[in-house]
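Reviewing the structure listed below.
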């Protein structure tokens, strides 16, 4: 028999998924004791692609309750896209850190003796 989860639990799991782009759906589902299919459905509801009663709707319609609306407008990104962008930001920040360290290392060799970087 399917387990019923309250809306707060579903919201918490979706928010955890958004906040932890380094974790896979499989891992998050396992950690919360839910199926990956349930997590996928909750993400679809959260992004507005289906309403809680499983009808396809646009994001605006899911918020207003209109079940015959169009798909979301361009400019609204999905949770998957948000996670992908968060991962890219982390990669760029790591690259930037490495470049700063390398610059400092090579700059100290270029300075005349007795000078230091502050």
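The residues of segment 29-44 that are closer than 17 Å to residue 8 by Cβ and without any contact (Cβ under 8 Å) to a residue 24 or more places away in the chain, listed by number, are 32, 33, 41. Taking every residue in segment 1-21 that is closer than 17 Å to residue 78 by Cα and pairing it with any residue that is assigned to a loop (DSSP other than H, G, I, E, B), at least 6 positions away or on another chain, the pairs with Cβ-Cβ distances below 9 Å are 13/5; 13/34; 16/23; 17/23.
Counting only helices (runs of 4 or more DSSP H) that fall entirely inside segment 18-108 and contain at least 2 residues that are modelled with pLDDT of 85 or more, the qualifying elements are 25-32, 36-47.
The values are calculated or read from the model by the stated rules, or taken from the named source; none is laboratory data. These figures come from a predicted structure and were not determined experimentally. In this analysis, Cβ positions are derived from the backbone assuming ideal geometry, glycine residues included, and neighbour counts consider all displayed protein chains.
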